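The values are calculated or read from the model by the stated rules, or taken from the named source; none is laboratory data. Note that the structure is a prediction, hence the values are computed from the model and not measured. With ideal geometry, Cβ positions are generated from the backbone for all residues, glycine too; neighbour counts draw on all protein chains shown. Heads up: the accessible areas ignore ligands, DNA and RNA and are worked out on the full protein's heavy atoms, side chains in. Shrake-Rupley method; radii C 1.70, N 1.55, O 1.52, S 1.80 Å.
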Amino acid sequence: MRNVAHLFPESVRKGAYTYSEYMNLMEAVVLENRTTGPKQSEALAHYTKLNLARMQRLNKTASIHESLREAVDQIDIPQTWYILTEAWCGDAAQNIPTIVAASLSNPLITVRFLLRDENPELMDAYLTNGGRSIPKLIAVDEDFNEIFTWGPRPAGAQELLREYKANPVKSYSEFSEDIQRWYIADKTQSLQNELQELLEAVAVDK
């Protein structure tokens, strides 16, 4: 385990949101027809509105596999799952509700949210192929030893993005619809399987 306490000074920790606070933030920016972060546009505001509706629906329908629940329940030390995100991020909207739902069965897990663009030093320590891709889940113990990380999206969706970047024959808007269809068909199965594998690997390494 590497210690990442230097990436989580008090200023970062104090800026973290609970899930209910993060949902309230999303509702607030949607009412104002904007998004989080410094970059504002009609398109990003539109995506944020879609993401809020998607998350509200997933909050009600998320169903956690028994095998993932068992992996979560075997966690025996207090830990915090920090998630770097922004309201406009479609991958965040698709994955965050399931991550939160998975955590709820174990009171030793605390989930907190940090805005990517307010925490560049932390984000830059967890780049994906050199990019600030979100969401990014960073699990740490009470001493800020890194337990595991996940993100920004399940492997299947990541492969779709890799293929698109290698051969962008359609607009990004059209590609976004492809990703949405992938998530609908997948029904959070890939995310749950990947989280389960991570947690089981941590248990084996103890």
task = Could you pull out which residues in the range 65-95 have an amide N less than 11 Å from a spot 7 Å beyond the Cα of Ala155, following the Cα-Cβ vector?
result = none
note = Within the under-15-Å Cβ sphere about Thr188, not counting Thr188, Lys/Arg +1 and Asp/Glu -1 give a net charge of +2
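Translational diffusion coefficient of the range 71-136 at 20 °C, 1.002 mPa s, Stokes-Einstein with Kirkwood Rh over Cα pairs, in µm²/s as a whole number. Before the final figure, lay out the partial values.
Values: Rh = 12.8 Å.
D, rounded to a whole number, is 167 µm²/s.
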key: 11 Å cut-off, amide nitrogen to a point 7 angstrom out along Ser105 Cα→Cβ, residues in the range 73-94   = 73-75
Within the accessible area of the chain (1.4 Å probe), percent carbon and sulfur = 50
Whichever lysines have a C-alpha closer than 21 Å to that of Lys39, once near sequence neighbours (fewer than 8 apart) are set aside = Lys49, Lys136
ask   = Along the charge dipole of the chain, which of Leu191, Phe8, Tyr172 sits closest to the positive end, that is, farthest toward it, with unit charges on the beta carbon of Lys, Arg, Asp and Glu (+1, +1, -1, -1)?
value = Tyr172
Full-extension gain in nm, Asn24 to Ser63, via 0.36 nm per residue minus C-alpha separation = 11.8 nm
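Could you put Lys170, Lys187 in order of accessible surface area, largest first, with the 1.4 Å probe and the full protein assembly present? All intermediate terms of the calculation are to be shown ahead of the outcome.
Working: Lys170 80, Lys187 140 Å².
Most to least solvent-accessible, the answer reads Lys187, Lys170.
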query = Between (1) 1.00; (2) 1.41; (3) 1.13, which matches Cα Rg over 2.2 N^0.38 Å calculated for the structure shown?
reply = (1)
note = The distance between the Cα centres of the range 141-156 and the range 18-60, in whole Å, is 24
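Mind ranking Thr36, Thr110 by accessible surface for me, highest first, 1.4 Å probe?
Values: Thr36 5, Thr110 50 Å².
Largest accessible area first, the list is Thr110, Thr36.
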